[in-house]
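*Asks:* Following this message is one structure expressed as structure tokens.
What follows is calculated from the coordinates using simple rules that are stated; it is not laboratory data. Not measured: the values here are computed from a predicted model. Virtual Cβ from ideal backbone geometry, glycine too; neighbours counted across all protein chains shown.
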Amino acid sequence: MDEKFKSMARPATSRSLRDAIQSARLEEAMRLDQTADNRDSEIARLELLKAELQSVFADVPANDERFSLTLVPSRPARLWIDVFTYVCVDDENGAYLLVRNSEQGRRTLFSSVNVADMADRITSHMAREIVRRERQEAALLEPPRKDDRLLAEATSSGSGTGVVAAAFIIGMLTGAAGLLAAVWFTLP
């Protein structure tokens with residue numbers, strides 16, 4: 001039985017903490033090199049996309065400050081299009097992801113491995129945002145329609161003023177009664 005255990009046990013010289021530490025350091029260095037290579041690749045791919053979009057951003061109207069083509073080398077690196085929208089590179093398959101932040105969280109709007117497809121989608125996104133903003137501004141500048149004026153006149157008639165005045169008077173009387181009660185109970 002002793003011979004069986006002797007054959008299963010390794011000699012003590014094969015276990016060395018120094019060798020294990022050396023091996024762990026080599027593994028960590030390889031992993032860090034791989035991570036650095038991935039990060040450099042991410043940033044390089046986003047710079048490529050940024051170069052594709054330079055001419056598009058040059059055409060943005062001068063008074064429109066919503067769009068800003070900014071590469072931020074964070075983790076993950078992001079190419080910001082506007083305040084809520086950015087492009088990053090997916091770690092798993094290397095695809096470009098067009099992501100939009102909103103109240104409901106992050107939402108991926110589009111994904112592609114092709115730079116031209118992503119640049120086309122970003123251009124389309126920007127055009128839709130510009131048209132949406134123009135439509136909102138036009139609605140604000142548009143004079144009210146006849147139906148809107150009739151509705152405004154009906155709601156601004158004198159019946160609302162009486163309710164507001166009555167509420168104000170009731171509030172003042174309640175405040176005065178509260179103040180009188182506070183003074184009454186604090187005096188000896």
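*Asks:* Using Cβ counts within 10 Å as a stand-in for footprinting exposure, how do Arg121, Arg75 rank, fewest first?
*Replies:* Starting with the residue having the fewest Cβ neighbours, the order is Arg75, Arg121.
*Asks:* Could you give the C-alpha radius of gyration of region 32-141 expressed as a fraction of 2.2 N^0.38 Å, taking N as the number of residues it contains?
*Replies:* 1.15
*Asks:* Sorting Phe84, Phe67 on the 10 Å Cβ count, fewest up front, what's the list?
*Replies:* Phe84, Phe67
*Asks:* With a cut-off of at most 14 other beta carbons within 10 Å, and DSSP calling the residue loop, which GluC sites (Glu not before Pro) in region 91-132 qualify? Please list them.
*Replies:* On the way: sites: Glu92, Glu103, Glu129; in loops: Glu92, Glu103.
When the GluC sites (Glu not before Pro) of region 91-132 are filtered for loop state and at most 14 Cβ neighbours within 10 Å, Glu92, Glu103 remain.
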